[in-house]
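Student: To start, I am sharing the structure in question, which I have written as structure tokens.
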Amino acid sequence: MSTQAAVRDLKEPVFPTFADSELLITKTIRLDGDDPEQKRQEILTYFHKTFTLYERLFETLKDDDVFFVRANTLRHPLIFYYGHTATFFINKLNVMKLIDQRIDPKIESMMAIGVDEMSWDDLNERHYDWPSPAEILTYRDRTREIVDHFIRTCPITLPITQDNPLWIILMAIEHERIHLETSAVLIRELPVALVKKDPLWTVCPDNGTAPQNELRPVAGQQITLGKEHNSTLYGWDCEYGHYETTVKDFKASQYIVSNGEFLEFVKDNGYEQEKHWTEEGWEWRNFQKAEHPVYWSPDGNSYRYRAMLEIIDMPWDWPVDVNQLEAKAFCNWKAEKTEKTIRLPTEAEWSVLREQIDTDQPDWDKAPGNINLEHYASACPVNRFATKDGFYDVIGNVWQWTETPVDAFPGFKPHPTYDDFSTPTFDGKHNLFKGGSWISTGNEATRDARYAFRRHFFQNAGFRYVEAVALETPKTNVYESDALVSQYIEFHYGDCYFDVPNFPKKCADICLGHMKDRKTERALDIGCATGRSAFELAKTYAHVDALDFSVRFIQIPVGLQQTGLQRYTIQDEGELVSYKEANLSEMGLRDTADRVNFMQGDACNLPPKFTDYDLVFAGNLIDRLYDPEKFLSTIQERIRSGGVLVITSPYTWLEEFTPCDKWVGGFKADTGETYTTLDGLKESLSPHFNFVENQDVPFVIRETRRKFHHCVSEMSVWVKK
């Protein structure tokens with residue numbers, strides 16, 4: 001008897017027990033229903049089945065010492081994952097103030113945060129004083145008691161929405177089911193002598209010759225991606241939203257790539273030829289000295305196959321397990337051999353294939369693929385589960401790598417309880433895989449599941465290939481995290497604070513108010529920062545030039561023109577941030593955004609082409625120029641007769657930006673009289689402009705959640721003579 005089993009017998013916790021068949025065939029919970037108490041019982045059963053199944057996975061370890069073996073040098077030992085999912089329940093319930101109790105603060109801190117493989121050559125050598133398996137089991141038992149009590153006693157209303165206490169329970173359950181799969185992969189990476197067979201985890205007994213693969217046509221279509229916010233199934237933040245795209249006709253391989261088909265690439269020295277690999281892939285291949293898939297074991301002139309708990313004769317008709325870099329290399333090799341445009345599918349192309357299956361978990365009677373642990377505890381032949389159109393393994397067997405870097409759909413909002421579930425992956429370095437594997441359960445086995453890993457990552461993942469149009473280099477809308485840039489994005493596109501209106505929009509509206517009975521053909525926004533005022537002016541003007549000295553600022557509106565979205569973080573306190581999104585469509589700016597020409601420019605040294613404007617707006621600019629008088633003395637050259645010049649500034653003169661002898665105002669004149677900046681503007685501009693009016697326009701810049709800069713800018717309006 002293992003130590004952890006002995007501890008459990010000693011404590012005799014009273015938890016429900018389940019037959020193996022009950023543990024293996026479990027479906028995710030619907031969020032709606034007519035009977036709250038019945039739903040409570042469904043969630044209670046789902047929780048206990050998940051908790052038990054997860055613990056049964058760790059019973060495959062040969063002894064307690066194996067818990068401390070690092071199966072993968074880039075990951076924690078298995079003792080971490082044994083405790084991590086339980087601490088997730090306790091930590092999240094405490095974060096949301098749904099409970100006010102801790103079990104073991106040391107364990108809850110040590111096992112709170114896992115390891116993302118930031119790089120395949122970034123080894124984590126940190127030492128931890130890990131608790132024993134028996135201590136973790138005791139912790140898990142106590143967690144089970146607390147969560148059981150919480151589910152039984154918390155208020156329940158239907159449907160269960162994201163602000164419902166039971167949503168946090170479902171979040172933790174689905175989180176544990178994710179780690180059921182990732183922990184199984186780590187167990188598969190252990191030396192086989194350190195694991196033992198278990199009747200719960202039965203390998204498929206069938207294997208044979210790999211079927212001949214072929215490309216079959218798929219009709220393109222307009223497709224909508226994203227889960228509705230009122231969906232009746234639990235979802236992770238990146239699944240929600242609405243994104244429409246057109247998929248052109250393509251061809252897809254009838255089968256996912258088998259070990260037998262991949263062997264052709266290996267025999268043709270595919271791992272030895274750099275031309276087949278991306279730059280990232282070739283660096284990984286050289287670092288790992290990879291010569292074949294990771295779960296192939298050389299055996300004379302052939303190979304054997306590492307399943308989760310044993311090494312078996314090579315099942316050539318099972319799917320090959322590879323990372324995305326290997327899958328890409330195979331596609332490039334295949335393209336060269338066939339002289340066709342062969343690549344991995346995009347998320348949208350895979351979704352077109354997915355429509356051939358007209359059911360979803362939990363609605364199916366029997367899984368239409370090797371998924372949800374409903375068939376085997378391993379992969380199986382690739383020619384077993386067909387759709388109505390003759391494609392196999394559209395879902396299940398192994399995850400299918402795509403060309404698509406993970407990104408959020410429009411309208412993305414992280415859940416406040418787990419705001420870093422998806423956001424760290426929106427970096428262009430994590431690619432989606434779709435469809436689930438044999439051990440993908442719960443949310444992972446649903447149609448809308450979106451999971452992504454780094455391209456060098458090994459999961460139960462393989463691929464199918466497509467013949468389709470070549471793709472442009474993907475653009476990922478990463479989160480802007482530069483503190484100053486993010487402050488200005490929030491200033492231009494974010495929330496209003498203390499009832500102060502959005503400053504760039506307010507200024508644009510005032511500018512437009514002065515253009516009645518005047519031409520509105522061309523405008524110049526000089527010192528445009530992150531671009532909001534320029535976009536607002538473009539709703540009226542046919543052409544807007546927008547310039548700023550900072551390239552970092554200009555990149556933001558240029559990106560908004562391309563995608564309509566800009567994600568960014570704003571600092572709350574210390575290392576804590578909130579995740580935000582600027583959306584041009586929601587602001588009514590998308591349709592006219594292309595009227596703006598954003599460029600880097602120096603207000604004191606403008607090229608001659610910037611001329612003939614009906615309006616020039618210089619927003620909060622002059623007190624940041626190195627020579628403001630040069631700007632003021634030449635700006636009339638840019639404006640048509642009768643055109644309008646609008647200047648705003650809080651007159652915060654600082655020598656770090658403008659030498660004191662260049663200040664336009666804010667000092668005592670030679671006569672000893674106070675000389676304001678407005679006085680200086682009138683003196684500089686009066687030869688060419690008539691002064692119209694001045695007014696105060698307040699603005700607020702958020703620095704942190706509790707620190708704001710509340711300023712008042714003076715706006716002066718001038719008409720060229």
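Please treat every number below as a calculation from the coordinates, not as lab data. As the structure is a computational prediction, the values presented were derived from the model and not from experiment. Every residue, glycine among them, receives a Cβ derived from its backbone with ideal geometry; neighbour counts consider all protein chains shown.
Student: Magnitude of the Cβ-charge dipole of segment 3-194, K/R +1 and D/E -1, about the Cα centre, nearest 20 debye?
Tutor: 260 debye
Student: Continuing with the same structure: How would you rank C511, C204, going from fewest to most other Cβ atoms within 10 Å of each one's own Cβ?
Tutor: C204, C511
Student: Using the number of other C-beta atoms within 10 angstrom as an exposure proxy, rank E22, E575 with the fewest first. Could you put the intermediate results ahead of the total?
Tutor: Numbers: E22 14, E575 6.
With the fewest neighbours first, E22, E575 line up as E575, E22.
Student: For a quick check of your reading of the filter: which GluC sites (Glu not before Pro) in segment 297-346 sit in a DSSP loop and have no more than 15 other Cβ atoms within 10 Å?
Tutor: Answer in residue order: E310, E339.
Student: Separation between the S109 and V551 pseudo-spin-labels, each 7 Å from Cα along Cα→Cβ, expressed in nm?
Tutor: Each label point is offset 7 Å from its Cα along the Cβ direction, giving 4.4 nm.
Student: On a 0 to 90° scale, report how tilted helix 483-493 is relative to the longest principal axis of the chain, with both axes built from alpha carbons and the result rounded to the nearest 10.
Tutor: So the helix axis and the longest Cα principal axis differ by about 70 degrees.
Student: Towards the positive end of the charge dipole of the chain, with charges on Cβ (+1 Lys, Arg; -1 Asp, Glu), say which of S297, Q600, F287 has the farthest Cα.
Tutor: The Cα lying farthest towards the positive end belongs to Q600.
Student: Compare the peptides 555-568, 351-364 by average per-residue count of other Cβ atoms within 10 angstrom and give them in order, highest first.
Tutor: Details: 555-568: 20.9, 351-364: 16.5.
Ranking, from highest mean packing down: 555-568, 351-364.
Student: Would you mind computing Rg(Cα) / (2.2 N^0.38 Å) for segment 379-438, counting N as its residues?
Tutor: On the way: Rg = 15.4 Å, N = 60, 2.2 N^0.38 = 10.4 Å.
In units of the 2.2 N^0.38 Å rule of thumb, it is 1.48.
Student: Can you spot the lysines whose alpha carbon is less than 25 Å from K630's alpha carbon? Ignore those fewer than 8 places along the same chain.
Tutor: K609, K662, K668, K682, K720, K721
Student: Can you tell me the orientation of helix 324-338 relative to the chain, as the angle in degrees between its alpha-carbon axis and the longest Cα principal axis, to the nearest 10?
Tutor: Compared with the principal axis, the helix lies near 90 degrees.
Student: Among the GluC sites (Glu not before Pro) within segment 155-255, which fall in a DSSP loop and have no more than 14 other Cβ atoms within 10 Å of their own Cβ?
Tutor: E214, E228
Student: Pairs of Cα atoms under 8 Å, at least six residues apart: use those to get the relative contact order of segment 420-573, whole percent.
Tutor: RCO, segment 420-573: 22 percent.
Student: Let me ask something additional. For the chain, what is the mean residue ellipticity at 222 nm derived from helices alone (per DSSP H run of n ≥ 4: -39500 (n - 2.57); sum divided by total residues; nearest 500 deg cm²/dmol)?
Tutor: One gets -9000 deg cm²/dmol as the mean residue ellipticity at 222 nm.
Student: Next up: Expressed in nm to one decimal, what extension gain is obtained for the pair S297 and H229 from 0.36 nm per residue of sequence separation less their Cα-Cα distance?
Tutor: Additional length available on full extension: 19.9 nm.
Student: Let me ask something additional. Which one, I79, T26, L57, is farthest towards the positive end of the dipole of segment 24-106 when Lys and Arg carry +1 and Asp and Glu -1 on their Cβ?
Tutor: Comparing the listed Cα positions along the dipole, I79 ranks first.
Student: Go ahead and run the numbers for FRET between K97 and E37, Cβ-Cβ distance against an R0 of 22 Å, rounding to 0.05.
Tutor: Working: r = 25 Å, r/R0 = 1.12.
So the FRET efficiency works out to roughly 0.35.
Student: On to the next question. Between helix 165-189 and the chain, what is the angle of the helix's C-alpha long axis to the longest principal axis, kept within 0 to 90° and rounded to the nearest 10?
Tutor: Between the helix axis and the principal axis of the chain, the angle is about 60 degrees.
Student: Continuing with the same structure: What is the magnitude of the charge dipole of the chain about its Cα centre, with +1 placed on the Cβ of each Lys and Arg, -1 on the Cβ of each Asp and Glu, and no other charges, expressed in debye to the nearest 20? Don't skip to the answer; put the middle values down first.
Tutor: Working: 79 positive and 113 negative charges, 142 e Å.
Rounded to the nearest 20 debye, it is 680 debye.
Student: Below 8 Å between Cα atoms, with a sequence gap of 6+, how large is the relative contact order for the chain in percent?
Tutor: Across the chain, relative contact order equals 10 percent.
Student: Further, regarding this structure: Tell me, K429, K106 in order of fewest to most beta-carbon neighbours within 10 Å?
Tutor: By the 10 Å Cβ count, ascending: K106, K429.
Student: Which number gives the lysine pairs in segment 3-194 that have C-alpha atoms under 16 Å apart and are eight or more places apart or on different chains?
Tutor: 4
Student: Could you list the GluC sites (Glu not before Pro) in segment 392-491 that lie in coil according to DSSP, counting only those with at most 13 other Cβ atoms within 10 Å of their Cβ?
Tutor: Passing sites in segment 392-491 are E472.
Student: For the pair D163/N286, report the inter-label distance in nm, with labels modelled 7 Å from Cα in the Cβ direction.
Tutor: 5.5 nm
Student: Expressed as a whole percent, how much of the Cα-Cα distance distribution for the chain exceeds 48 Å?
Tutor: Details: 81248 of 259560 pairs.
The calculated P(r) of the chain puts 31 percent of pairs beyond 48 Å.
Student: Moving on. Taking the chain as a whole, which cysteines find no other cysteine Cβ under 4.7 angstrom from their Cβ?
Tutor: When partners are defined as cysteine Cβ atoms under 4.7 Å apart, the chain leaves C154, C238, C331, C496, C507, C511, C528, C604, C660, C711 without one.
Student: Which of the peptides 431-443, 368-380, 288-300 is most tightly packed, and how do the rest follow, going by the mean number of other Cβ atoms within 10 Å of each residue? Write out the running numbers ahead of the final one.
Tutor: Details: 431-443: 27.2, 368-380: 23.9, 288-300: 14.6.
Descending mean neighbour count gives 431-443, 368-380, 288-300.
Student: Roughly how many Å is it from the Cα centre of segment 421-468 to that of segment 123-181, as a whole number?
Tutor: First find each Cα centre; the distance between them is then 23 Å.
Student: Of the peptides 79-85, 714-720, how do they stack up when ordered by the mean number of other Cβ atoms within 10 Å, highest first?
Tutor: 79-85, 714-720
Student: Now, a different point. Return the FRET efficiency for the residue pair D358, L44: r is the Cβ-Cβ distance, R0 is 25 Å, and the value is rounded to the nearest 0.05.
Tutor: 0.20
Student: Just need the relative contact order of segment 87-232 here, percent rounded to a whole number, with Cα pairs under 8 Å and 6+ apart.
Tutor: 22 percent
Student: Shifting gears a bit: Taking the radius of gyration and the Kirkwood hydrodynamic radius from Cα positions alone, what is the Rg/Rh ratio for segment 483-720, to two decimal places?
Tutor: On the way: Rg = 17.6 Å, Rh = 18.3 Å.
With Rh from the inverse mean 1/r over Cα pairs, Rg/Rh is 0.96.
Student: OK, next. For R640 and D591 in the same chain, what is the full-extension length gain: residue separation times 0.36 nm, less their Cα-Cα distance, in nm? It would help to have the intermediate numbers written out before the result.
Tutor: On the way: separation 49, 0.36 × 49 = 17.64 nm, distance 2.72 nm.
That works out to 14.9 nm of additional length.
Student: With charges only on Cβ, +1 for K and R and -1 for D and E, what is the dipole size of segment 167-215 about its Cα centre, in debye, rounded to 20?
Tutor: 220 debye
Student: Also, quick follow-up: Once label points are set 7 Å from the Cα along Cα→Cβ at both R706 and K275, what is their separation, rounded to one decimal in nm?
Tutor: The modelled label-to-label distance comes out at 6.3 nm.
Student: Work from the charge dipole of the chain (Cβ charges, +1 for Lys and Arg, -1 for Asp and Glu, about the Cα centre) and give the residue of V551, Y541, Y451 farthest towards its positive end.
Tutor: Towards the positive end, the residue furthest out is Y541.
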